[in-house]
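The values are calculated or read from the model by the stated rules, or taken from the named source; none is laboratory data. What you are looking at is a predicted structure, and each value in this text was computed from that prediction instead of being measured. Neighbour counts are summed over all protein chains in view; Cβ atoms, including those assigned to glycine, are modelled from backbone coordinates with ideal geometry.
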């Protein structure tokens, strides 16, 4: 009988490249598609009941849901950017309230970053502040890309959950 780890390993070996191709055709970015598939397998590890017969459809469902979430976030981000652009055009100088809100959110994010473990915080800072991608971070920190992805996933999840609670 196969255990969960063996089934996930089998699924990764069998379906990873097809899942990347599937995701990249939907979002037109190979690197982001690879990140999505990696996130999908991380989520798959959290499932309790996985069989070899259902793992393929489960993988595609998870990837599809992540792709849809990313597309929604992309359009939401465009809305926000459009709103900010409209605000800048109508009033080129930020109001004191807007500056205060920005500084408050940035301060909250810094506080939340301080609560992360040192290694997770380093990865988050390199992603968020320095704008590095997974491969660059892995090379700089001399760790595997998989480790960087796990730290990045933990950091984003923790900060996102706390920011939602705060806002």
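If you check residue 43 against the conditions, is it closer than 17 Å to residue 153 by Cβ, at pLDDT 85 or above and not assigned by TED's automatic domain parsing to the domain that holds residue 159?
Details: closer than 17 Å to residue 153 by Cβ: yes; at pLDDT 85 or above: yes; not assigned by TED's automatic domain parsing to the domain that holds residue 159: yes.
Spelling it out, residue 43 is indeed closer than 17 Å to residue 153 by Cβ, at pLDDT 85 or above and not assigned by TED's automatic domain parsing to the domain that holds residue 159.
Within 23 Å of residue 34 (Cβ to Cβ) and either in the same structural domain as residue 42 (by TED's automatic domain parsing) or outside any helix (DSSP H, G or I) (or both) - does that describe any residue in region 112-125? Working first, answer last.
Looking only at region 112-125, we keep the residues that are within 23 Å of residue 34 (Cβ to Cβ), and these are 119-120, 122-125.
Applying the additional criterion that residues be either in the same structural domain as residue 42 (by TED's automatic domain parsing) or outside any helix (DSSP H, G or I) (or both) yields none.
Checked against the condition, which is being within 23 Å of residue 34 (Cβ to Cβ) and either in the same structural domain as residue 42 (by TED's automatic domain parsing) or outside any helix (DSSP H, G or I) (or both), region 112-125 yields no hits at all.
Could you say whether any residue in region 157-166 is in a helix (DSSP H, G or I), over 13 Å from the mean Cα position of the chain (by Cα), without any contact (Cβ under 8 Å) to a residue 60 or more places away in the chain and closer than 19 Å to residue 36 by Cα?
No, that holds for no residue.
Is it the case that some residue within region 60-73 is farther than 29 Å from residue 162 by Cβ, assigned to a helix (DSSP H, G or I) and at pLDDT 85 or above? Outline the logic, then answer.
Narrowing region 60-73 to residues farther than 29 Å from residue 162 by Cβ: 60.
This time we only want the ones that are assigned to a helix (DSSP H, G or I), so: 60.
Right, trim to at pLDDT 85 or above and you get 60.
Yes, region 60-73 contains at least one residue that is farther than 29 Å from residue 162 by Cβ, assigned to a helix (DSSP H, G or I) and at pLDDT 85 or above.
Can you pull out the residues in region 126-142 that are outside any helix (DSSP H, G or I) and in contact (Cβ under 8 Å) with a residue 12 or more places away in the chain? Let's see the steps before the verdict.
Quick first cut of region 126-142, residues outside any helix (DSSP H, G or I) only: 129-133, 142.
Matches in region 126-142: 133 only.
Quick check on region 49-59. Is at least one of its residues closer than 26 Å to residue 135 by Cβ, in contact with a helix residue (DSSP H, G or I) (Cβ under 9 Å, 6 or more places away or on another chain) and at pLDDT 90 or above? If you could, list the steps in order and put the result at the bottom.
First, pick out the residues of region 49-59 that are closer than 26 Å to residue 135 by Cβ: 59.
With in contact with a helix residue (DSSP H, G or I) (Cβ under 9 Å, 6 or more places away or on another chain) added as a condition, the list becomes 59.
Applying the additional criterion that residues be at pLDDT 90 or above yields 59.
Checking region 49-59: at least one residue is closer than 26 Å to residue 135 by Cβ, in contact with a helix residue (DSSP H, G or I) (Cβ under 9 Å, 6 or more places away or on another chain) and at pLDDT 90 or above.
Do you know which residues across region 16-33 are farther than 19 Å from residue 58 by Cβ and in a helix (DSSP H, G or I)?
Of the residues in region 16-33, the ones farther than 19 Å from residue 58 by Cβ are 24-25, 27-32.
Across region 16-33, the qualifying residues are 24, 25, 27, 30, 31, 32.
Could you check how many residues of region 27-46 are surrounded by 13 or more Cβ atoms within 10 Å (Cβ to Cβ) and without any contact (Cβ under 8 Å) to a residue 24 or more places away in the chain?
Count: 4.
Which pairs do you get when a residue that is assigned by TED's automatic domain parsing to the domain that holds residue 44 and touching a residue at least 24 places away in the same chain (Cβ under 8 Å), found in region 8-26, comes within reach of a residue that is surrounded by fewer than 16 Cβ atoms within 10 Å (Cβ to Cβ) and not in a helix (DSSP H, G or I), reach meaning Cβ atoms under 7 angstrom, with the pair 6+ apart or on two chains?
Every condition considered, the pairs that remain are 10/52.
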